[in-house]
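Notes follow the structure.
Derivation of every value follows stated rules applied to the coordinates shown; laboratory data play no part. This structure is a prediction, so every number in the text was calculated from the model and none was measured. For neighbour counting, all protein chains shown are included, and Cβ atoms are generated from backbone atoms with ideal geometry for every residue, glycine included.
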Amino acid sequence: MKIFTAQQIYQADKFTIEHQQISSDQLMERAAIQLFEWMHSRLQGAEVIIQLFCGIGNNGGDGIALARLLKEAGYTIQVHVVNYSETRSKDFLLNLERLKDRKIWPDFINDDSSLPEISPNDIIVDAIFGIGLNREPSDWVGKLIQHINQSQAFVLSVDIPSGLPASQVPSTTDHVIRASYVLSIQLPKLVFFLPETGVYLNQWELLDIGLNTGFLGPEQVAFHFVTLPEVQSMYRPRLKFSHKGTYGHSVIVGGSYGKIGAVQMAADACLRAGSGLVTAYIPECGYESIQTALPEAMVLTDEEDNFLTSIDIPFDPSAIGIGIGMGTGEKVVKAFESFLKKTDQPLVIDADGLNILSKKPELFKYVPKASILTPHPKELQRMIGDWKDDFDKLEKAKALATKYGIVLVLKGVHTITLYNGLGYINSTGNPGMATAGSGDVLTGILTGLIAQGYDSLQAAIFGVYLHGLAGDVTASIESYDAVKATGIISNIGKAYLELFKRPEVEGGNTA
Ligand SMILES: NC(=O)C1=CN([C@@H]2O[C@H](COP(=O)(O)OP(=O)(O)OC[C@H]3O[C@@H](n4cnc5c(N)ncnc54)[C@H](O)[C@@H]3O)[C@@H](O)[C@H]2O)[C@@H](O)CC1
Ligand SMILES: [K+]
């Protein structure tokens with residue numbers, strides 16, 4: 001699913017209005033009906049007070065139109081117009097008149113008004129600012145937003161939390177609505193997914209208002225939101241007449257004394273992802289444990305007991321994952337360096353592999369093209385230095401990926417894969433996955449997918465999704481708190497099955 005800029009969304013609105021021969025007011029009514037139906041199907045006429053805070057633009061217009069529909073269905077509403085500008089939108093005014101025709105009189109909040117009382121039991125509809133926010137809200141609007149945030153009431157934001165710009169971080173963090181739920185009109189916004197801006201919303205969902213897909217289809221975007229249909233289309237089914245050689249021979253290189261488990265988990269995940277054969281390449285000390293714990297894997301050992309001193313794989317592997325639990329001691333760095341210099345096939349590089357690259361950035365030029373690098377935020381910072389904010393981070397990371405022709409997987413709540421100037425934002429996963437070994441599992445999955453013939457970008461997008469889904473399956477059985485990396489591995493199979501299960505209920509997304 002493409003992630004459009006506010007500018008593109010405005011163009012899509014315009015295009016839809018022209019091509020469907022409807023008025024902008026009719027488009028707003030579609031949005032209001034969708035908002036109403038969402039609320040009504042959940043509230044079922046409950047006797048709760050709904051306080052609607054509406055700006056004076058089209059986001060406010062959505063709110064005012066929604067107020068009318070709620071009133072007509074018998075809900076108790078209070079409508080506040082947040083009067084931050086004299087320049088009111090045409091459709092806002094139209095809907096305000098319709099409200100007045102029904103004898104509903106909103107109160108107007110200005111810079112000298114007292115703040116309305118809000119009970120924690122009320123429901124707030126936040127329609128103050130939408131994607132049209134183009135500067136910081138005035139101080140008094142910021143104070144109103146703070147007041148709403150402190151109310152402990154459920155806050156339903158229309159399109160985007162008010163005060164959150166659509167494509168930059170807000171400058172005054174407490175002048176942004178903290179939304180319990182966002183009903184985003186038709187399209188997700190990039191800020192939903194970044195750590196610094198995603199914190200302003202708990203959950204979100206899209207409301208389809210029938211924007212013209214003829215326009216949206218060919219539009220170029222910088223970011224995609226990766227959902228089930230995209231991932232399904234990447235899946236490579238296993239062939240009837242195939243054998244283990246068809247699915248590749250992966251090698252997982254890493255480990256050191258006390259950190260052999262990382263390689264074991266990666267090798268296990270690699271097998272679960274479908275690699276035909278898997279070899280673990282480790283220091284001698286891990287031989288017995290891996291052979292015992294993972295009978296399906298083969299093991300090659302370094303001469304040295306406790307860490308790797310040379311990496312010589314005596315056959316041509318289909319894929320190599322390297323770096324986990326490896327350490328960054330002098331001899332390891334040397335072994336890694338000479339391995340990089342003699343290898344041209346794309347690698348999956350994680351953990352200490354990344355740390356060595358940060359220590360010796362001159363080695364980047366030896367990283368084979370189309371290798372996948374999977375830094376978590378600290379590893380990324382070591383690689384690209386400090387960033388001003390999340391947008392700056394994305395630019396710097398993109399530049400690094402483009403410079404060396406690599407696939408950069410930025411691990412996080414929404415893992416973002418960057419390649420060739422484009423970004424792919426993952427939609428699966430949960431907070432339970434912030435646990436030891438979760439990254440090793442990802443390395444194993446990615447290596448296993450490359451071994452089976454997925455290209456690097458597909459392996460990254462598909463693998464990150466599958467990894468998150470396996471984590472979601474695990475959490476659904478064991479709770480977020482109890483998710484362990486080995487649990488994620490054992491649910492990779494269920495995640496594969498999930499990919500092709502028909503959805504039973506329509507659900508929201510957790511931002
Ligand atoms: N254009 C359309 O046809 C549709 C628009 N929709 C809604 O319209 C919204 C966008 O509406 P608008 O473009 O009117 O913008 P907003 O309603 O987000 O903002 C209102 C206006 O206030 C001004 N403004 C921006 N920042 C300000 C600040 N800090 N202080 C004071 N004034 C400020 C801007 O001129 C802006 O246009 C969307 O988020 C969505 O909710 C929906 O109704 C669907 C259809
Ligand atoms: K809003």
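If you go through the stretch 1-36 and keep only what is more than 27 Å from the chain's Cα centre (by Cα) and within 26 Å of Leu228 (Cβ to Cβ), you end up with Thr16, Arg30.
Checking every residue in the stretch 116-123 against the condition of being within 15 Å of ligand 2 (Cβ to nearest atom), closer than 24 Å to Glu37 by Cβ and in contact with a helix residue (DSSP H, G or I) (Cβ under 9 Å, 6 or more places away or on another chain) gives at least one match. If the condition is being within 11 Å of ligand 2 (Cβ to nearest atom), in contact (Cβ under 8 Å) with a residue 40 or more places away in the chain and under 16 Å from Asp208 (Cα atoms), then the stretch 161-188 contributes Val182, Leu183, Ile185.
Taken over the stretch 344-369, residues that are buried (at least 18 other Cβ atoms within 10 Å of the Cβ) and in a loop (DSSP other than H, G, I, E, B) amount to 4. Whether a residue is away from ligand 1 (no atom under 12 Å from the Cβ), of a type in the set (Lys, Arg) and touching a residue at least 24 places away in the same chain (Cβ under 8 Å) was assessed, and Arg88 does not pass this test.
Scanning the stretch 313-340 for residues that are out of contact with any strand residue (DSSP E or B) (no Cβ under 9 Å at 6 or more places or on another chain) and not in a helix (DSSP H, G or I), we see that the one that is surrounded by the fewest Cβ atoms within 10 Å (Cβ to Cβ) is Gly329.
Rundown of residues vs (1) touching a helix residue (DSSP H, G or I) at 6+ places or on another chain (Cβ under 6 Å); (2) hydrophobic (A, V, I, L, M, F, W, C); (3) more than 30 Å from Ser24 (Cα to Cα), yes/no style:
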{"position": "Gly217", "(1), (2), (3)": "no, no, no"}
{"position": "Leu228", "(1), (2), (3)": "no, yes, yes"}
{"position": "Gly245", "(1), (2), (3)": "no, no, yes"}
{"position": "Ala269", "(1), (2), (3)": "yes, yes, yes"}
{"position": "Val299", "(1), (2), (3)": "yes, yes, yes"}
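Determine, yes or no, whether Gln150 is free of Cβ contacts under 8 Å to residues at least 24 places away in the same chain, away from ligand 2 (no atom under 16 Å from the Cβ) and not charged (D, E, K, R). Yes.
Name the residue that is nearest to ligand 1 (Cβ to nearest atom), counting only residues in the stretch 122-144 that are touching a Phe, Trp or Tyr at 6+ places or on another chain (Cβ under 9 Å) and more than 20 Å from Ser89 (Cβ to Cβ).
Narrowing the stretch 122-144 to residues touching a Phe, Trp or Tyr at 6+ places or on another chain (Cβ under 9 Å): 122-129, 131-132, 137-138, 140-141, 144.
Going one step further and asking which of them are more than 20 Å from Ser89 (Cβ to Cβ), we end up with 122-124, 140.
Values: Asp122: 22, Ile123: 18, Ile124: 16, Trp140: 11 Å.
The extreme case among them is Trp140.
Scanning the stretch 398-409 for residues that are touching a residue at least 24 places away in the same chain (Cβ under 8 Å) and either assigned to a loop (DSSP other than H, G, I, E, B) or of a type in the set (Val, Ile, Thr) (or both) gives Gly405, Ile406, Val407, Val409.
Here Asp386 meets each of (1) surrounded by fewer than 19 Cβ atoms within 10 Å (Cβ to Cβ); (2) among the charged types (D, E, K, R); (3) in a helix (DSSP H, G or I) with one exception, condition (3).
Collect the residues in the stretch 89-108 that are within 16 Å of ligand 2 (Cβ to nearest atom) and surrounded by fewer than 20 Cβ atoms within 10 Å (Cβ to Cβ), keeping them in residue-number order. Of everything in the stretch 89-108, just one residue is within 16 Å of ligand 2 (Cβ to nearest atom) and surrounded by fewer than 20 Cβ atoms within 10 Å (Cβ to Cβ), namely Ser89. Screening His376 against (1) buried (at least 16 other Cβ atoms within 10 Å of the Cβ); (2) farther than 27 Å from Gly274 by Cβ leaves a single unmet condition, (2).
Only one entry of Ile64, Ile22, Ile9, Ile56 meets the criterion of being outside any helix (DSSP H, G or I), within 16 Å of ligand 2 (Cβ to nearest atom) and among the aliphatic types (A, V, I, L, M), and that entry is Ile56. Within the stretch 100-144, the set of residues being among the acidic types (Asp, Glu), outside any loop (DSSP other than H, G, I, E, B) and either closer than 14 Å to Leu52 by Cβ or in contact with a His (Cβ under 9 Å, 6 or more places away or on another chain) (or both) comprises Asp107, Asp126, Asp139.
Just wondering, is there one or more residues in the stretch 40-54 that are away from ligand 1 (no atom under 11 Å from the Cβ), of a type outside the set (Lys, Arg), under 28 Å from the mean Cα position of the chain (by Cα) and closer than 30 Å to Gly142 by Cβ? Checked against the condition, which is being away from ligand 1 (no atom under 11 Å from the Cβ), of a type outside the set (Lys, Arg), under 28 Å from the mean Cα position of the chain (by Cα) and closer than 30 Å to Gly142 by Cβ, the stretch 40-54 yields no hits at all. Evaluate the following for Gly198: is it of a type in the set (Gly, Ala, Ser) and either closer than 29 Å to Ser24 by Cα or within 13 Å of ligand 2 (Cβ to nearest atom) (or both)? No; evaluated as a whole, the condition is false for this residue.
Would you say Gly412 is touching a residue at least 60 places away in the same chain (Cβ under 8 Å) and farther than 25 Å from His249 by Cα?
Details: touching a residue at least 60 places away in the same chain (Cβ under 8 Å): yes; farther than 25 Å from His249 by Cα: yes.
Yes: the conditions hold for Gly412.
For Ser427, the conditions (1) over 12 Å from the mean Cα position of the chain (by Cα); (2) over 22 Å from Ser371 (Cβ atoms); (3) among the polar types (S, T, N, Q) are fulfilled apart from (1).
For the stretch 115-138, filtered to residues that are in contact (Cβ under 8 Å) with a residue 12 or more places away in the chain and over 29 Å from the mean Cα position of the chain (by Cα), the residue that is farthest from Ser180 (Cα to Cα) is Ser138.
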